[in-house]
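Engineer: Mind having a look at this structure? Questions to follow.
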Amino acid sequence: MKNKTKKSPIDWAKILSPVFIILIAILITSILILAIGCHPLEAYHYMLLGAFGSFGALINTISKMVPIAFAGLAVAISSRAGIFNIGLEGQLLFGGLGAALAGLYITGLPALIHIPVCLVAGMISGMLYALLPTILYVKKGVGLLVVHIMMNSIAKLLITYLVSVPFAGDNKMIAATNPVQDSARLPYLLTSPNKLTIGILIVITTACIMWFYLNKTTSGYELRACGDNMEAARFAGIKTKWYQAGVLLASGALAGLAGSVEVLGTYDRFYDGFSPGFGFDGIPIAMLANGNPFGVLVGAFLFGALRIGSLNMQIKAGVSTEIVSVIQGILITLISAQYILRFASNKLVNKQKGEVTQ
Amino acid sequence: MNGIIVAMLIAILRLSVPVIITGLGNMFSVRAGVMNLSAEGMMISGAFCAVLGSYFTGNPWVGVLCGILGGVIVGAIHSLISVEFGGIQNISGLGLNMLATGLTAFLCRSMFGTAFSPTVASIQYTRILSNIPVIGNVLAQLSPIFYIMILLFLICCFIVDKTVIGLRMNAVGFHPQMVETAGIDVWKLKHISVLICGALAGLSGAYLSIGQLNTFMDSMTMGKGMLAVIAVQMGKQKPQRTVIIALIFGFFDALQLRIQISSIAIAPELVQTIPYLVGIIALALDTSKNAAPRLLNPYLKNKYKF
């Protein structure tokens, strides 16, 4: 059996299982929409219209995809080295705060220097927030999962405190810092019909660099080797601990970048609760894309469309936006069951070829 | 002063009930080698189903049963994926959390039009106990689920250490292969432990919605399920230790609420971070790493291998 699957030149089973996942998710969502008395096709129609119906809607979708794509890339790089980073949300929040503070308190720089400084500040602060779990994991073997969950909870509480007491803005009605300097705001590519910042260029560049690093450099090859088989990589003389620590920090930096771009581009200041869970959006995207940076961009585009389109769906079809987290939940749950889906599609493929003998 | 201490004690007990019940459930699951991050989802599902049961029948005890059922449903999905089909436990847990939180919010809005359900019959007080002299008034302020919890704790202590099934569950967590060789159904044990976890988490969700309040709110669990997961991890899957850690979490939660209503100039958020910081330090200083670890990954059935 094992050898037979290896023989087929195109791994149909691998292609079939994501298709299965998306189809099942659409099916369950449709049943749910039917259950509350709306027409699913009509709801999907309004969702697509809201996300792609006009040029302005398309721009909105693209600008929504930027932080999601960064989060996806952050999960992707760590998953390629066989590490699952769910501390993204905390790193993203602190990255955003770092960028906002650099934009707020560093004055007198031209925009050309100030923006990179803020972005780097965001990356470093995201990375620093990832430092403690990384050290504990690599040095002492403390499980990442529980520490990351705790770090996320701490981040949410600390950010609420920092934004409402030490760095509180002049407007006491909202929990936010003061607006950043004009020189720190990301410049716009388009201003009408809707605003689009250069964030999208940064994320595409990052994805290209990541693809090049993973596929065309020795270090990227060693990183992937760690992900495929940690023990084998270690015996081959690859410094697996360094790669583990490295991807965790890089992942933190990318998450920080997600927060920075959102703060500097969309809000111009740090709002408490500016992230509706971008960090968790990254997980299903990276897993559906199998850690491929360009796949992540496509996935982020679709998730951005989901978030933007659901607003229109709520207004026009009366299906509340909570459906987004239902869809995401179904996707993640099905991704976790990927093994059995792969097993089923493998059986299906083999059966068609008549290779399965009882 | 005496009044404050009593009020504080009641607050601690009331606030730690959900973490304790979910923690006890989660302990079974982790002991049998199934990491269960979906505790949060089980709780919110339990909370919502409890309100539905109470809303449609008017009887809060039917609500509690529905709540348990709600938790078991999420538990069944989790055990189907991560025990039967060899899926990735952590991701399944996270996905189910998101799914349950989203689905309950979606259904609540679709049924009632807002993020709140209407108020339903609840079981916030145990009136029978108020006849007891001296402490009766204090005891009556706690929900009956609190007393169920004490009973559950004693049963759990007995099951994990003194019964065959409890010891077998523990063995499955360490050496599934060995247990299978001994002729015991590994998967059945794992399924049972995850379903127990679902039932208990559902009960604690019912406590949140109709034991502490009388209504359901969007994402009302607010990280309590994750606290339970952490309590189990820090308590090393022992019922007594888990309960103590859950009580410590409850203490800081009560302290934070007290600071909010008093005029002390400490940010309540900072007080709330203390248990997490203590948790991280405790995990970092833990020296018992050399003991054989529990295998928190799926043990695949032969028929699904390829």
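Engineer: Rounded to the nearest 20 debye, what is the charge dipole size of the protein assembly as shown about its Cα centre when +1 sits on each Lys and Arg Cβ and -1 on each Asp and Glu Cβ?
Structural biologist: Working: 43 positive and 23 negative charges, 364 e Å.
Rounded to the nearest 20 debye, it is 1740 debye.
Engineer: Let's see if you can work this out: charge +1 on each Lys and Arg Cβ, -1 on each Asp and Glu Cβ, no other charges. What is the dipole magnitude of the stretch A:39-318 about its Cα centre, in debye to the nearest 20?
Structural biologist: Numbers: 16 positive and 11 negative charges, 80 e Å.
Once rounded to the nearest 20, the dipole reads 380 debye.
Engineer: Next question. Could you size up the charge dipole of the stretch B:20-225 around its Cα centre, putting +1 on the beta carbon of Lys and Arg and -1 on that of Asp and Glu, and report it in debye to the nearest 20? Mind dumping the intermediate values first?
Structural biologist: Numbers: 8 positive and 6 negative charges, 44 e Å.
The calculation lands at about 220 debye.
Engineer: A follow-up question, please. Taking a ≥ b ≥ c as the square roots of the eigenvalues of the Cα gyration tensor of the protein assembly as shown, is the shape rounded (a/c under 1.5), prolate (a/b larger than b/c) or oblate? Intermediate results must be reported in sequence, preceding the final value.
Structural biologist: Working: a/c = 1.41, a/b = 1.14, b/c = 1.24.
Rounded.
Engineer: Which value in deg cm²/dmol, rounded to the nearest 500, describes the helix-derived mean residue ellipticity at 222 nm for the protein assembly as shown, given -39,500 (n - 2.57) per DSSP H run of n ≥ 4 and division by the residue count? Write out the running numbers ahead of the final one.
Structural biologist: Values: 27 runs with 466 residues, N = 664.
The helix contribution divided over the protein assembly as shown gives -23500 deg cm²/dmol.
Engineer: Next question. Starting from the 7 Å offset along Cα-to-Cβ, what nm value, one decimal, do you get for the label separation of B:Ser263 and A:Lys347?
Structural biologist: Here the answer is 7.1 nm between the modelled labels.
Engineer: Same structure, new question: Within the set of other residues whose C-beta is less than 14 Å from the C-beta of A:Thr29, count the net charge using Lys and Arg as +1 and Asp and Glu as -1.
Structural biologist: Details: positive: none; negative: A:Glu42, A:Glu322.
Here the count lands on -2.
Engineer: Given the alpha-carbon gyration tensor of the stretch A:44-94, what are the semi-axes of its equivalent ellipsoid in whole angstrom, ordered largest first, with each equal to the square root of 5 times an eigenvalue?
Structural biologist: Values: eigenvalues 178, 29, 17 Å².
One finds semi-axes of 30, 12, 9 Å for the stretch A:44-94.
Engineer: Return one quarter of the surface area of the convex hull spanned by the alpha-carbon atoms of the stretch B:1-126, equal to its mean projected area, in nm².
Structural biologist: Working: hull surface 38.4 nm².
Directional mean of the projected Cα hull area for the stretch B:1-126 stands at 9.6 nm².
Engineer: Which pairs, out of B:Lys162/B:Lys303; A:Lys140/B:Lys238; A:Lys156/B:Lys238; A:Lys172/B:Lys224, put more than 32 Å between their alpha-carbon atoms? Walk me through the numbers on the way to the answer.
Structural biologist: On the way: B:Lys162/B:Lys303 34 Å; A:Lys140/B:Lys238 23 Å; A:Lys156/B:Lys238 29 Å; A:Lys172/B:Lys224 30 Å.
The answer is B:Lys162/B:Lys303.
Engineer: Quick query: amide H of B:Gly87 versus all other amide H atoms, modeled in the peptide plane; which residues come in under 5 Å with a sequence gap of 5 or more or a different chain?
Structural biologist: B:Ser82
Engineer: Follow-up. Can you tell me how much longer the chain between B:Asn302 and B:Met178 gets when fully stretched, taken as 0.36 nm per residue apart minus their C-alpha distance, in nm with one decimal?
Structural biologist: Values: separation 124, 0.36 × 124 = 44.64 nm, distance 1.53 nm.
So the extension gain works out to 43.1 nm.
Engineer: Could you give the length gained on full extension between B:Ala115 and B:Leu9, defined as 0.36 nm per residue of separation minus the Cα-Cα distance, in nm?
Structural biologist: Details: separation 106, 0.36 × 106 = 38.16 nm, distance 3.11 nm.
Full extension of this stretch gives 35.0 nm more.
Engineer: Can I ask one more? What list of ³J(HN,Hα) couplings, whole Hz, do you get for the stretch B:32-47 from phi and the Karplus terms 6.51, -1.76, 1.60, once you set θ to phi - 60° and write x for glycine and proline?
Structural biologist: Those phi angles translate into 7, x, 10, 5, 10, 7, 7, 3, 4, x, 4, 5, 5, 5, x, 4 Hz.
Engineer: Ok, one more. Evaluate the distance, in nm, between pseudo-label points positioned 7 Å from the Cα of A:Thr205 and of A:Ile135 along their respective Cα→Cβ axes.
Structural biologist: Taking the two extended label points, one gets 3.2 nm.
Engineer: Which residue, B:Val179, B:Asn36, B:Phe158, has the largest displacement toward the positive end of the dipole of the stretch B:20-225 when charges sit on each Cβ (Lys, Arg +1; Asp, Glu -1)?
Structural biologist: B:Phe158
Engineer: Report the gain in length on full extension from B:Cys157 to B:Ser130: 0.36 nm times residue separation, minus Cα-Cα distance, nm rounded to one decimal.
Structural biologist: Details: separation 27, 0.36 × 27 = 9.72 nm, distance 2.88 nm.
Net length gain for the segment: 6.8 nm.
Engineer: Search the structure for amide H atoms under 5 Å from the amide H of A:Leu189, placed 1.01 Å from N in the peptide plane, and list their residues when 5 or more places away or on another chain.
Structural biologist: It is A:Leu196, A:Thr197, A:Ile198, by chain and number.
A short reminder: the numbers here are calculations on the coordinates, not readings from a lab. Treat the numbers as computed from the prediction; the structure is a model and nothing was measured. Glycine also receives a Cβ, built like all others from the backbone with ideal geometry; neighbour counts cover every protein chain displayed.
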